[in-house]
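Engineer: Here you go, one structure.
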Amino acid sequence: MSITYLEAIREAQAKLLRDDERVFIYGQDVGGTFGGAFKATKGLAKEFPGRVLNTPISEDSMVGTAIGAAINGMRPIVEMQFADFSSTALNQILNNAGTHYWRTNISVPITVRLPSGGTKGSGPFHSQSMESIYAHYPGLIVMTPATVEDAYTMLIEAVAIDDPVIYCEHKYLYYHLKADNLPAEGLPTGRARIAREGRDLSIVTYSAMLHEALAVAEQLVNEGFEIEVVDLRSVKPLDTNTVLASVARTGRLLCVGESFPWGGATAEIIARVTAEGFHLLDAAPQRLNAKDTPIPYHPNLWSAHRPNANEIARKARALLRE
Amino acid sequence: MPQVPIIMPQLGESIAEATIVDIKVKPGDEVVPDQEIIDVETNKAVMGVTTPCKGKIDKITVQIKETYPVGAVLGYVEASEEDAARFKKTVPEPPKGTVAMEIPGREEQAAVAARQKDGEGARRIGGLPVPATAKGAGFLSPRVRARMTELQLINADLAGIPPTGSGNRITIKDLENFLHKIEDQTAQEASAIRAGVADAMRRSWTRPLSTIGSSVNLDPVLQDRQSRDPKPGPGLYALRALALALAENPAAAAKLIGNRVVQSSSIDVGIAVEAEDGIMVPVIRAADKTSLVDLTTKYKELVDLARQRRISPDMQAGGIATVSNFGTFGMEWAPQFRCQTKRCCSGSASARKFRPGIKKKNNLFPGLKPRSH
Amino acid sequence: MLETATRRKKSARSKAAPHERFLEAFRWMLLTRTLEEKLVSLYRGGLITGGVYIGKGQEAVSVACGLFLQKGDIFAPLIRDQPGRSAFGEPLLDVTRTYLGSRQGPMRGRDGNIHRGRPRDNQLAMISHLGAMVSVTVGALMAKRFRGEKNFVGLSCIGEGGMQTGAFHEGMNIAAVEQVPLVVVATNNHYAYSTPNDREFACHDLVDRAIGYGFEGYTVDGIDLTNCLDVIGGAVKRARAGRPPQLVVASILRLSGHGEHDDASYVTDEIKREPFARDCLKVAEQTIVDLNLADTEALAEWRRDAAAQVDQAISAAQKEAAPEGDKEDWCAISTRDLVDSLE
């Protein structure tokens, strides 16, 4: 029996709807027999009538409604059809949900699912990774699961958390990533995972880039290097301690992320390691992100735009030679 | 009766000041709370400033057509104790610092002065020359340095480690490999003195080293010595002579830095003095200008200080040459080693009686005219 | 002789004769007008930091909003809704504490002026982005429905300026799609800051939009307190009975600046002569006098009472300590072990 990353998300939602009557799912095309643009809610509207609701194309009011419901005791999950479209809900997410607890002492337990990241031919408005934007504003938790198991346990945890959670699920992993079964429990959010132990260099990354990094690590074994790979799992909170421990072991740091290069998760990690772990560094820390342009459509351009195994390997080799 | 200030209110988000357009009261007027007494104009509107409380206008400190910043005091109302107490706490602080500087009419002189000072961009304090390129820039990483500190290693300890890093730098791996290798080699703990001496000797590997010996007839020295009280040791004669020689030929004690030979500005010579647990080498400053008589006094002081272990590192720093008398240990010959700062050493060996019949020049040192000391 | 807010609330719920309801509404208007005048004065005296926004001219519409809501209803007031807030149960001290920077205010210094609320008491705390609160009200009503509650209503206030935002549009639409018991009370006070109606919208009458959303639409004379009580009271009653969402549009003139930093010198003399430019408080008082609903002695007594309540709320707040930066808990989420450790 094998289960895909997407199926894990669906299973998690089914479990949530089953176990917690406060949960409902709100988004475009999620209801009826359609079950969502990526089938993340297939069958759920039927199994849980009245709790998986189609919305108009109104991201602002989808989130606004979720906020109102959450303040009044519900645990809504908002499915954005693409992360890219959440920008029209930015105000409700950042300025309403993100500030509410700080201003009124009442927390807002909403979960916003963002299908993120590029797939071949998806183009500028169906490929974005927005975790850096959401992590930047106060008041939000930002999850970036990279494995089937984490996709499952972290979504369940997201709904249980009393604060707004931005759950960045990666579209490329939906059908490409499979696991044998789903765990009952996982690492808590806020803890990074050592995906591969190493000695010569730490690659710190998250989401789909984890798998590129692991491929690079395998490749570099043949060149006599053992690369340690750290999966952050959430970019906010960011597990600085695990990252520092890894750099303590290897002395060299390469951060890889799929979002745009200016600022963002990779810059944040490097800032922290440089400030708190300067004495652990044997070489200047490096980062690799997508290019500073909108995401191109053509597959050739797309694969050059985002970090990939070859790019990562090149950067890693340079850093190992430093 | 206490006075309650009338304050220029915050009239809008980006408003920093307002102009007085009308003053409706004069000192002595009775006023009630919230009475509009002054009209002010911003770029957005004309507003009325109201009295903070009931009372009598004590004074108005502003003028029509003048501009004042938000928070400025516009005047005072003489009020009851009770009213005054209420407002004590809530009167906002006038703006301080850089905000105040930017508001014309407030600390204007200082603001203008500050602007002018900053404007003099040409005159920069400090400012380092900038290397043209990054070529050759290398480093010992923070990690390597942290490890060195932990193990009490210094840069010289790293000499000879094969570097694998870019720009031939020693990486943490290089260091750890090296340390791992020497673990198998026999080692002993070195005492502080032994380590210091060994370190100095090690450093001398990197310095130009040339050892010259010359036999000298000491009869004139011994003769001269007899006529003196107190008697200077032979080493002091050597020191004085060396100092004079260096004053005439400063290149001998110059330092090679890059491709330049840099001369010292002062002939400072160290003299080795025996202390309880080793040798100290305090430095006599401007030895060429110090007479033999003064040298003798100085030397005696230093011997006493050395016995009391009161020769500080400062006293031993900065010499360009040293003199040591190993002859007192019965040695005939010894190459000298240099510490980082000392460039020239002179040692005197034990004397031997010459066989009579061999003619020797009656000079202490060849090429030097005898001087009176 | 200070009446408490609670005592007066109770009389609102009883089957009051129309003129009793009228007088009760009038007293709220008088109280809040007195409060806001005092706030303006404090502002001009330099004792309030940040903006002051009052609802002078909007009192009749606003009090009607608050008066008919019950405990359990959701109220989303906006900028110029003090009478509604007070009638709904907000204590004066909440207002003065927030404006005067007491750390004991409902927002604890973290937000100010009219951005205050008590979500647990169903008074939503607005954000500055106008129109955003409509969908939040919708969500709150959906939550109640999910839980099987009955006979509840939501009331969301907006101005004609805020009605032009995308967020408002989405909120209206989703309210109608979800068929929640929502009343949106829109007050056209003829100026959005300095912008007059002809640069705000082009439709003939804003109430015409109701049908476009699937709402029922009603017009109310914002100057006429009786009309406000009838129309808005009626809308709330209909909502409680389960009718589709309703839009009530009132017409008044904003009788103050956009905020107290603004002298509204752009308001034209012609518009000030319009019938909707009259002061609803004065009109209501005239009605009382004309119909002999109360004598001059009572009116004076009410004025004194309002002033006393306001003074007490202000002096109490003035005595309280302000928040201190180095004593703050700088934490934006409630889940403490998920706080990102930044130095």
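Engineer: Open to solvent by less than 10 Å² (accessible area, probe 1.4 Å), at pLDDT 95 or above and under 14 Å from the mean Cα position of the chain (by Cα): is that true of A:Leu201 in this structure?
Structural biologist: On the way: open to solvent by less than 10 Å² (accessible area, probe 1.4 Å): yes; at pLDDT 95 or above: yes; under 14 Å from the mean Cα position of the chain (by Cα): no.
Here the answer is no, as A:Leu201 does not meet what is asked.
Engineer: Does B:Val49 satisfy the condition of being open to solvent by less than 10 Å² (accessible area, probe 1.4 Å), β-branched (Val, Ile, Thr), within 23 Å of C:Ser315 (Cβ to Cβ) and within 12 Å of another protein chain (Cβ to nearest Cβ)?
Structural biologist: So B:Val49 passes the test.
Engineer: Could you list, in sequence order, the residues of region B:61-71 that are open to solvent by less than 80 Å² (accessible area, probe 1.4 Å) and farther than 19 Å from C:Ser41 by Cβ?
Structural biologist: Looking only at region B:61-71, we keep the residues that are open to solvent by less than 80 Å² (accessible area, probe 1.4 Å), and these are B:61-62, B:67-71.
Those that are open to solvent by less than 80 Å² (accessible area, probe 1.4 Å) and farther than 19 Å from C:Ser41 by Cβ: B:Thr61, B:Val62, B:Thr67, B:Tyr68, B:Pro69.
Engineer: Still on this structure, I have one more. Please identify the pairs in which a residue from region C:287-304 that is closer than 14 Å to C:Leu31 by Cα has its Cβ atom under 9 Å from the Cβ atom of a residue that is assigned to a helix (DSSP H, G or I) and acidic (Asp, Glu), counting only partners at least 6 apart or on another chain.
Structural biologist: Here the result reads C:Leu299/C:Glu285, each pair linking region C:287-304 to a residue that is assigned to a helix (DSSP H, G or I) and acidic (Asp, Glu).
Engineer: Right, here's the next one. Restrict the check to region C:44-62 and report whether at least one residue is modelled with pLDDT under 95, outside any loop (DSSP other than H, G, I, E, B) and touching a Ser or Thr at 6+ places or on another chain (Cβ under 9 Å).
Structural biologist: Yes, because at least one residue in region C:44-62 is modelled with pLDDT under 95, outside any loop (DSSP other than H, G, I, E, B) and touching a Ser or Thr at 6+ places or on another chain (Cβ under 9 Å).
Engineer: Need the failing condition index for A:Tyr167 against (1) in contact (Cβ under 8 Å) with a residue 60 or more places away in the chain; (2) open to solvent by less than 40 Å² (accessible area, probe 1.4 Å), just the number.
Structural biologist: Result: A:Tyr167 passes all but (1).
Engineer: Taking region C:239-286, which residues are within 14 Å of chain B (Cβ to nearest Cβ) and either out of contact with any Leu (no Cβ under 7 Å at 6 or more places or on another chain) or buried (at least 23 other Cβ atoms within 10 Å of the Cβ) (or both)? If you could, list the steps in order and put the result at the bottom.
Structural biologist: Taking region C:239-286 first, the residues within 14 Å of chain B (Cβ to nearest Cβ) are C:256-267.
Within region C:239-286, C:Ser256, C:Gly257, C:His258, C:Gly259, C:Glu260, C:Asp262, C:Asp263, C:Ala264, C:Ser265, C:Tyr266, C:Val267 qualify.
Engineer: Within region A:255-265, is there a residue that is open to solvent by 10 Å² or more (accessible area, probe 1.4 Å) and assigned to a strand (DSSP E or B)?
Structural biologist: Within region A:255-265 (the criterion being open to solvent by 10 Å² or more (accessible area, probe 1.4 Å) and assigned to a strand (DSSP E or B)), the answer is no, since none of the residues qualifies.
Engineer: While we're on this one: Mind checking which residues of region C:156-168 are aliphatic (A, V, I, L, M) and either within 13 Å of another protein chain (Cβ to nearest Cβ) or open to solvent by 20 Å² or more (accessible area, probe 1.4 Å) (or both)? Full working, then the answer.
Structural biologist: Initial filter on region C:156-168 (aliphatic (A, V, I, L, M)): C:158, C:163, C:167.
Across region C:156-168, the qualifying residue is only C:Ala167.
Listed here are the residues, each with its yes/no results for (1) surrounded by fewer than 19 Cβ atoms within 10 Å (Cβ to Cβ); (2) touching a Leu at 6+ places or on another chain (Cβ under 7 Å); (3) assigned to a strand (DSSP E or B).
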residue	(1), (2), (3)
C:Glu170	no, no, no
C:Asn173	no, no, no
C:Val180	no, yes, no
C:Ala186	no, yes, yes
C:Asp198	yes, no, no
C:Cys203	yes, no, no
C:Asp208	yes, no, no
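Engineer: Return yes or no: is A:Ala284 part of a loop (DSSP other than H, G, I, E, B) and away from chain C (no Cβ under 14 Å)?
Structural biologist: Numbers: part of a loop (DSSP other than H, G, I, E, B): yes; away from chain C (no Cβ under 14 Å): yes.
The answer is yes for A:Ala284.
Engineer: Would you please name the residue that is nearest to B:Asn249 (Cα to Cα), looking only at residues in region B:260-274 that are more than 23 Å from the chain's Cα centre (by Cα) and surrounded by 17 or more Cβ atoms within 10 Å (Cβ to Cβ)?
Structural biologist: Taking region B:260-274 and keeping what is more than 23 Å from the chain's Cα centre (by Cα), we get B:260-261, B:267, B:269-274.
Filter once more, so that each one left must be surrounded by 17 or more Cβ atoms within 10 Å (Cβ to Cβ): B:267, B:269-273.
Numbers: B:Ile267: 11, B:Val269: 14, B:Gly270: 18, B:Ile271: 20, B:Ala272: 23, B:Val273: 26 Å.
Taking the candidates together, the pick is B:Ile267.
Engineer: Report, ordered by the first and then the second residue, all pairs with beta carbons closer than 9 Å, sequence separation of six or more or different chains, a first member in region A:1-29 that is touching a residue at least 60 places away in the same chain (Cβ under 8 Å) and assigned by TED's automatic domain parsing to the domain that holds A:Ala158, and a second member that is among the hydrophobic types (A, V, I, L, M, F, W, C) and open to solvent by 60 Å² or more (accessible area, probe 1.4 Å).
Structural biologist: Note: pairs meeting the criteria are A:Leu16/A:Ala160; A:Asp20/A:Ala160.
Engineer: Kindly indicate which of A:Thr104, A:Thr111, A:Thr153, A:Thr147 is under 12 Å from the mean Cα position of the chain (by Cα) and not assigned by TED's automatic domain parsing to the domain that holds A:Met209.
Structural biologist: Working: A:Thr104 fails: under 12 Å from the mean Cα position of the chain (by Cα); A:Thr111 fails: under 12 Å from the mean Cα position of the chain (by Cα); A:Thr153 fails: under 12 Å from the mean Cα position of the chain (by Cα).
Every option except A:Thr147 fails the conditions.
Engineer: Also: Which count do you get for residues in region A:41-100 that are charged (D, E, K, R), within 9 Å of another protein chain (Cβ to nearest Cβ) and surrounded by fewer than 23 Cβ atoms within 10 Å (Cβ to Cβ)?
Structural biologist: From region A:41-100, those charged (D, E, K, R) are A:42, A:46-47, A:51, A:59-60, A:75, A:79, A:84; that's our starting set.
So of that shortlist, the ones also within 9 Å of another protein chain (Cβ to nearest Cβ) come out as A:51, A:59-60.
Restricting the remaining residues to those that are surrounded by fewer than 23 Cβ atoms within 10 Å (Cβ to Cβ) gives A:51.
Final tally of qualifying residues: 1.
The values are calculated or read from the model by the stated rules, or taken from the named source; none is laboratory data. This structure is a prediction, so every number in the text was calculated from the model and none was measured. Cβ: placed from backbone, ideal geometry, glycine included. Neighbour counts: every protein chain shown. Remember, those area values only see protein heavy atoms, side chains included, never the ligands or the DNA or RNA. Shrake-Rupley method; radii C 1.70, N 1.55, O 1.52, S 1.80 Å.
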